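Below: the structure, in structure tokens.
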Amino acid sequence: ALEAAQVETGGCIPWDRAFALAQGDSGFDPANPRWLQKDNFMCLKKNARIAALFSFFEPRNGMLAIRAPDGAAVVENALTEQGRERIGAFLTEYLREEARGTPRFHYVPGHSFCDQRSKVISLINLASLRDYESKIGARRHRRRFRANVWFSGASAWSERSWVGREIQLGGAVVRVVKPIARCPATEVNPETAIRDANPVAELRTLYGNIDLGLHAEVVEGGRFAVGDSIQLLEE
């Protein structure tokens with residue numbers, strides 16, 4: 001978890017989804033990068049066991065460390081072609097039969113492997129998560145939903161009315177573009193790498209939709225940190 005982030009106008013959290021393992025049949029071309037559906041890449045939606053991987057990235061020197069549950073590990077510079085080849089080989093071996101063709105590990109400066117066509121940040125209201133948990137009578141680890149920003153102080157689900165509105169987030173301003181429709185990736189328990197719940201079905205049954213969280217675009221770059229205020233701006 002980050003203590004603080006500096007975001008640029010039109011950008012995302014630095015290094016968020018900066019790397020991806022493209023499946024061999026994805027057609028992704030790093031020389032001409034374009035947005036592709038998440039199914040073209042290694043992703044929790046299709047590859048639950050990757051939740052068991054431990055990873056650490058050091059942006060100051062580009063070193064990426066990934067460790068599997070059996071202790072096997074790779075430590076390479078993800079900003080070099082040779083490093084990415086070795087990381088890709090490690091992940092391909094880990095995927096086993098879930099690897100398609102010859103997967104390649106990619107980093108393209110300025111490109112985000114986001115599941116949205118535009119660069120966004122994700123925000124989730126803790127009160128909404130707690131309301132959902134109280135209604136199902138079970139805990140759902142927040143890492144199932146992988147928000148960039150978790151916030152408190154707003155009533156449960158009040159954020160549903162924020163679409164199109166601007167939010168002061170520390171020293172940055174973001175505009176909410178749409179709610180986050182959850183996908184089968186949320187079925188995977190981040191602590192066990194096992195599909196043991198169905199948040200999509202639970203949300204639909206409880207609330208009539210599958211939304212939890214917001215996608216927002218940065219309209220004024222700036223810095224925000226843990227403990228900063230979040231304020232809905234006047235229309």
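The values are calculated or read from the model by the stated rules, or taken from the named source; none is laboratory data. Just so we're clear, the structure is a prediction, and the values are computed from it rather than from any experiment. Cβ atoms come from the backbone with ideal geometry, glycine included; neighbour counts cover every protein chain shown.
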Consider the stretch 195-231. How many of its residues are of a type in the set (A, V, I, L, M), within 25 Å of residue 117 (Cα to Cα) and assigned to a strand (DSSP E or B)? 5
Return yes when residue 59 is farther than 22 Å from residue 192 by Cβ and in contact with a helix residue (DSSP H, G or I) (Cβ under 8 Å, 6 or more places away or on another chain) and no when it is not. no
Apart from one, (1) touching a residue at least 24 places away in the same chain (Cβ under 8 Å); (2) surrounded by 13 or more Cβ atoms within 10 Å (Cβ to Cβ) all hold for residue 89; the odd one out is (1)
Could you please find all residues in the stretch 64-99 being under 15 Å from residue 22 (Cα atoms), touching a Phe, Trp or Tyr at 6+ places or on another chain (Cβ under 8 Å) and either modelled with pLDDT under 95 or among the hydrophobic types (A, V, I, L, M, F, W, C) (or both)? 78, 87, 91
Can you name every residue in the stretch 41-80 that is in a helix (DSSP H, G or I) and surrounded by 17 or more Cβ atoms within 10 Å (Cβ to Cβ)? 48, 50, 51, 52
When you go through (1) out of contact with any Pro (no Cβ under 7 Å at 6 or more places or on another chain); (2) more than 27 Å from residue 217 (Cα to Cα) one by one for residue 34, which number turns out not to apply? (2)
Given the options 156, 216, 185, name the one that is assigned by TED's automatic domain parsing to the domain that holds residue 132, of a type outside the set (Ser, Thr, Tyr) and either modelled with pLDDT under 95 or more than 30 Å from residue 46 (Cβ to Cβ) (or both). 156
Can you tell me which residue is surrounded by the fewest Cβ atoms within 10 Å (Cβ to Cβ) among those in the stretch 28-40 that are of a type in the set (S, T, N, Q) and within 20 Å of the chain's Cα centre (by Cα)? 37
Kindly check whether there is at least one residue in the stretch 93-115 that is under 23 Å from residue 142 (Cβ atoms), more than 19 Å from the chain's Cα centre (by Cα) and surrounded by 15 or more Cβ atoms within 10 Å (Cβ to Cβ). no
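Rundown of residues vs (1) among the hydrophobic types (A, V, I, L, M, F, W, C); (2) more than 30 Å from residue 68 (Cα to Cα); (3) part of a helix (DSSP H, G or I), yes/no style:
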position: 134; (1), (2), (3): no, yes, yes
position: 150; (1), (2), (3): yes, no, no
position: 164; (1), (2), (3): no, yes, no
position: 168; (1), (2), (3): no, yes, no
position: 173; (1), (2), (3): yes, yes, no
position: 176; (1), (2), (3): yes, yes, no
position: 185; (1), (2), (3): yes, no, yes
position: 190; (1), (2), (3): no, no, no
position: 193; (1), (2), (3): yes, no, no
What are the pairs, 6+ residues apart or on separate chains, where a residue within the stretch 21-39 that is farther than 17 Å from residue 119 by Cα has its Cβ under 9 Å from a residue that is exposed (fewer than 11 other Cβ atoms within 10 Å of the Cβ)? 28/34
